[in-house]
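Notes follow the structure.
The values are calculated or read from the model by the stated rules, or taken from the named source; none is laboratory data. Because the structure is predicted, anything quoted here is derived from the model rather than measured. Every residue, glycine as well, gets a Cβ built from its backbone with ideal geometry; the counts of neighbours run over all protein chains shown.
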Amino acid sequence: MAFQRRIFSGIQPTGNLHLGNYLGAVRNWVALQNEFECIFCMVDMHAITASLLDPDDLRRSTRELAAAMIASGIDPRKNILFNQSQNPDHATLAWIFNCIARMGWMNRMTQFKEKAGKDRENVSLGLFAYPALMAADILVYKATHVPVGEDQKQHLELARDIAQKFNFDYQKEFFPLTEPLIYGPATRVMSLRDGAKKMSKSDPSDQSRINLTDTADMIADKIKRAKTDPNPLPDTVEGLEGRPEAENLMGIYAALGGMTIEQAVADCAGKGFAEFKKLLTEVAVTVLGPITAEMRRLTDDTTYVDGILRDGGERARALSAPIIAEVYDTVGFLRP
Ligand code: AMP
Ligand code: TRP
């Protein structure tokens, strides 16, 4: 059976969007929207798995994230843009997936291990089940392709395992085996303070990341203070090996400038970091400045943003309703 090509991706409304989210995910989504049917979701139910949030903060983050996505170029009329909790079908399917996925599979998830750390006994059950909800987000629409950053690869493999087991257990080719879309020169943007650590919302140091809300001065300052090594930039891509900070900054430079990594290296060969950082700041401010300004404008207009999310939620429910009805029949639940 051929499945209709459909894109789904999600992002957590926990704090601000940073350069890693933008280059690793959102910017690629903007490029996809012209070719495919796309559903983009602010996963507020995932956002409370690590710890409960202040309700006002969660509402504000959800609106801010929606504003950031629209400001980045996602067209909410062409695509579906909504917050996860607006469509209860995600949670319904997630429960069924909790009964499909095996404890052993979930125990292998590296993101869970990282987030739980040494205190495994004391994290929420929701954090453990997180990947099953993520699989439900995707499969409740029978999405076939999921654009994400490198860090989500294992979760997508689990979504395939869940789909496969569901199809096998109920003896029908019901769910597609979803493909990840991971591409571009910045699938894994690293911290500005440590080239071995991912740029992340949860890093306690704000100097480690560039936020989409940062002013031009803040961007310049963060880049100026970014960790480097003492050598000039190499003239080949291979020359970046073993130099994680140089590799990271060069990847960011390439991605922001719309270049391949080869072009970026050729552009900067032999330059010292001081000179290179000026170029990097320039391109970062040029690309991010207009997005930040538009995001600020939209964030103040909560009526507009809430309207977009409500409309998106309705359209999302219309797509998942027939699929979840068939799931009810397949599993043996009486339909409402
Ligand atoms: P999150 O902020 O964890 O909800 O992630 C949202 C999206 O951004 C996902 O597609 C991630 O893979 C992507 N992402 C998050 N951090 C990075 C990073 N440092 N580099 C590249 N992509 C990232
Ligand atoms: N786990 C993803 C992240 O942290 C967010 C997410 C939730 C997601 N559901 C999804 C991404 C479905 C893609 C598809 O980045």
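So that you can scan it fast, the table gives a plain yes or no per residue for (1) within 14 Å of ligand 2 (Cβ to nearest atom); (2) part of a strand (DSSP E or B); (3) touching a strand residue (DSSP E or B) at 6+ places or on another chain (Cβ under 8 Å):
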| position | (1), (2), (3) |
| --- | --- |
| Ala25 | yes, no, yes |
| Asn28 | yes, no, yes |
| Glu35 | no, no, no |
| Phe40 | yes, yes, yes |
| Asp56 | no, no, no |
| Ala68 | no, no, no |
Revision key, fill the gap. Residue count, region 123-150, condition assigned to a loop (DSSP other than H, G, I, E, B), closer than 17 Å to Phe112 by Cα, within 12 Å of ligand 2 (Cβ to nearest atom) and over 13 Å from the mean Cα position of the chain (by Cα), comes to 0
Practice item. Take region 19-47 and flag every residue that is near ligand 1 (Cβ under 7 Å from one of its atoms) and in contact with a Lys or Arg (Cβ under 9 Å, 6 or more places away or on another chain). Key: Gly20, Asn21, Gly24
Exercise for review: Could you please find all residues in region 1-21 being away from ligand 2 (no atom under 13 Å from the Cβ) and either of a type in the set (Ser, Thr, Tyr) or modelled with pLDDT of 95 or more (or both)?
Suggested key: Leu19
Review point. Residue check: is Phe168 assigned by TED's automatic domain parsing to the domain that holds Asn107 and free of Cβ contacts under 8 Å to residues at least 12 places away in the same chain?
Key: yes
Practice item. Test each condition in (1) free of Cβ contacts under 8 Å to residues at least 24 places away in the same chain; (2) surrounded by 15 or more Cβ atoms within 10 Å (Cβ to Cβ) for Ser205 and report the one that comes out false. Key: (2)
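Tally the residues that are touching a Lys or Arg at 6+ places or on another chain (Cβ under 8 Å) and either away from ligand 1 (no atom under 16 Å from the Cβ) or assigned to a helix (DSSP H, G or I) (or both), restricting the search to region 155-183.
The qualifying residues number 3.
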**Study point:** The listed residue being farther than 30 Å from Asp301 by Cβ and either assigned by TED's automatic domain parsing to the domain that holds Asn28 or more than 16 Å from ligand 1 (Cβ to nearest atom) (or both), out of Leu65, Leu93, Leu81
**Key:** Leu93
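I need the full set of residues from region 204-227 which are among the hydroxyl-bearing types (Ser, Thr, Tyr), under 12 Å from Asp194 (Cα atoms) and in a loop (DSSP other than H, G, I, E, B), in order please.
Hit for region 204-227 is Ser205, nothing else.
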